[in-house]
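Down below is the structure, laid out as structure tokens.
The values are calculated or read from the model by the stated rules, or taken from the named source; none is laboratory data. Computed from a predicted model, the values in this text were never measured in an experiment. Quick reminder, even Gly has a Cβ in these numbers, built from the backbone with ideal geometry, and neighbours come from all protein chains shown. Quick note on the areas: whole protein, heavy atoms, side chains included, nothing else; ligands and nucleic acids left out. Shrake-Rupley method; radii C 1.70, N 1.55, O 1.52, S 1.80 Å.
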Amino acid sequence: MTPFDAASAVIKGLSLTTPHGAHDLALFKGDKLVFRATAVRASARELIVPVAAVSAVAVLDAVPEDSAVHLLLRVAAAGLTTAAGKPIPVIAVRVPASATADVDFGGAALRGHTAIVLCQALGRAGVPPTAFLAPDASIFASASGAPSVRAAVRADQGHAFPLRRALAFVKKPALLVPTADVAAVELLRTEGGSASFDAVLHFADPSTPPLELSSLPRPDLAPLRAWMARCGVAVGAGDVDKPVKRGGGGGGGAGE
């Protein structure tokens, strides 16, 4: 077990949705982040993340019907898995609206809402400012002016947040997809009288299976098209079994 007393700061009692459960987080400046489950069980283990591997941090404070702040940490090429061996697409933290923290980080007192303290601590640990993402009305606003769009991934209902050069999805599964990784977006059921449509993301890496967002509201088709145009993502329409030709994934990484 990693000795937490050598950490630059420790934030206790974070509620993670991916992987699930309460965790304490130790931050070692310029080195690593260590998430440790607070419950003592045979399957519990530490999750060690190199600071340099954190490519993006999405801060979502406007999730419909949820007053909590959701933070999604995308970890590049770390091969993170749960104790059961299942892959972890991102590390997802849910911070209640009333949660506060008081943390000392190398002599600097970090106080306030836990989500703000966590972002400040990640920055002090070495995550660059350009890695932090948040909804921006100048980048995307739905037909109703909201920062997100109702959608489903498989049978799970949630909300997609088009961000600057990334697409986030909460609550389950938690996803943070850089637009730089997306070769093309295929739009299905855009004609006719359907009240919804589907979007299939095809990735530049052919080994990555497509990701389908289904049941998006029809009025949000135009705003999503405009967002994809801003990100430089190719858009097509057709059958998911006959995807559009793979193109450029947009400039820059998710953290820009």
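Couple of notes before you dig in:
- Per residue, the chain exposes 46 Å² of accessible surface when a 1.4 Å probe is rolled over the protein heavy atoms with every protein chain present.
- Among the protein heavy atoms of the chain, carbon and sulfur supply 54% of the accessible surface, probe 1.4 Å, non-protein parts ignored.
- Compactness of region 107-246, taken as the C-alpha radius of gyration over 2.2 N^0.38 Å, stands at 1.17.
- GNM on the chain, alpha-carbon springs under 10 angstrom: the most fluctuating residue among Gly21, Gly13, Gly145 is Gly145.
- When you restrict to C-alpha pairs under 8 Å that are six or more residues apart and normalise by the size of the chain, the relative contact order lands at 15 percent.
- Once the Cα atoms are used to define both axes, helix 114-125 deviates from the longest principal axis of the chain by about 80 degrees.
- A run of the chain free of exposed loop cleavage sites, with trypsin sites (Lys or Arg not before Pro) counted only in DSSP states other than H, G, I, E and B and at most 12 other beta carbons within 10 Å, reaches its longest extent at 42-153.
- The alpha-carbon positions of the chain define a convex hull whose volume is 130 Å³ per residue.
- Site pair Ser144 and Thr130 shows an inter-label distance of 3.6 nm when each label is modelled 7 Å from Cα along Cα→Cβ.
- According to the Kirkwood relation over distinct C-alpha pairs, the hydrodynamic radius of region 111-166 is 13.4 Å.
- Per-residue ellipticity at 222 nm from helix content only, as computed over the chain with -39500 (n - 2.57) for each DSSP H run of at least four residues, stands at -3000 deg cm²/dmol.
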